[in-house]
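These notes concern the structure reproduced below.
The values are calculated or read from the model by the stated rules, or taken from the named source; none is laboratory data. Here the structure is a predicted model, which means the values were calculated and not measured. We place every Cβ from the backbone using ideal geometry, glycine too, and count neighbours over all the protein chains shown.
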Amino acid sequence: MAGLGMTGHMMAHMAAVAVAAPLIALGRPSHGGAAGAPLAWAMAEFAIVWSWHAPALRALADAHLAVALVEQALFLGVGIALWRSALAQPAAGVAALLVTSMHMTLLGVLIGLAGRPLYMMMAMHPAPGLDALADQALGGVVMLVVGGASYCLGGLWLLGTILKERRAA
């Protein structure tokens with residue numbers, strides 16, 4: 001994915017965690033609820049996403065397709081688990097999705113505002129028409145807008161369903 005620059009890299013990640021994962025969870029909810037507490041899945045998602053954005057691990061994924069595929073599979077898998085657990089346990093799910101929105105936004109801001117390229121392979125192959133730093137900044141914006149919005153909107157939607165149920169009771 002390094003050949004796509006940071007912007008393409010982040011678009012692929014967001015397609016997995018912020019688009020595919022919630023759609024899969026909504027389309028195929030686990031029967032009987034997802035195993036585990038939503039906040040535990042949110043912390044697992046945090047650990048996985050932030051770890052894979054450490055420069056050394058990012059370089060490994062950029063250098064080896066198999067490692068990049070493992071990364072994407074982990075992102076998608078933990079994303080589905082988080083969304084399924086949030087849907088199965090809406091009250092805790094609200095908190096989990098909002099916490100995830102915050103950490104996605106923070107990581108996007110840190111990547112976007114970094115004063116130097118963080119990922120050498122992507123810096124050597126920025127998105128077309130952008131220099132390395134502009135590509136990285138745009139990638140950070142993609143993460144904070146798409147990732148932050150997906151989880152925030154999901155949390156607010158769950159909160160709305162809880163409030164409607166309470167009002168109807």
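Could you check region 94-110 and list, in sequence order, the residues that are farther than 18 Å from W83 by Cβ and of a type outside the set (A, V, I, L, M, F, W, C)?
We begin by selecting, within region 94-110, every residue farther than 18 Å from W83 by Cβ; these are 106-110.
Scanning region 94-110 gives a single hit, G108.
Here is a list: G155, G129, G93, G139. Which entry is small (G, A, S) and without any contact (Cβ under 8 Å) to a residue 24 or more places away in the chain?
Details: G155 fails: without any contact (Cβ under 8 Å) to a residue 24 or more places away in the chain; G93 fails: without any contact (Cβ under 8 Å) to a residue 24 or more places away in the chain; G139 fails: without any contact (Cβ under 8 Å) to a residue 24 or more places away in the chain.
Residue meeting the stated conditions: G129.
Each row is one residue, and each column tells you yes or no for (1) farther than 19 Å from L26 by Cα; (2) touching a Gly at 6+ places or on another chain (Cβ under 8 Å); (3) modelled with pLDDT of 95 or more.
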| residue | (1), (2), (3) |
| --- | --- |
| W52 | yes, no, yes |
| A66 | yes, no, yes |
| V78 | no, no, yes |
| A92 | no, no, yes |
| L98 | no, yes, yes |
| L110 | yes, yes, yes |
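Report whether or not L107 is in contact (Cβ under 8 Å) with a residue 60 or more places away in the chain, crowded, with 19+ Cβ neighbours inside 10 Å and under 20 Å from L39 (Cβ atoms).
So L107 fails the test.
Restricting to region 59-83, and then to whatever is under 15 Å from the mean Cα position of the chain (by Cα) and not hydrophobic (A, V, I, L, M, F, W, C), can you tell me which residue is surrounded by the most Cβ atoms within 10 Å (Cβ to Cβ)?
Within region 59-83, the match that is surrounded by the most Cβ atoms within 10 Å (Cβ to Cβ) is G79.
If you take just the helices (runs of 4 or more DSSP H) that sit entirely in region 33-119, which of them hold at least 1 residues that are charged (D, E, K, R) and either touching an Asp or Glu at 6+ places or on another chain (Cβ under 6 Å) or closer than 19 Å to A15 by Cβ (or both)?
38-52, 55-63, 65-88
Here's a check for you: in region 102-147, which residue that is small (G, A, S) and closer than 17 Å to A61 by Cβ is farthest from the chain's Cα centre (by Cα)?
Here the answer is A123.
Quick one: in region 120-169, which of the residues that are exposed (fewer than 13 other Cβ atoms within 10 Å of the Cβ) and not in a helix (DSSP H, G or I) is modelled with the lowest pLDDT?
So the residue we want is A169.
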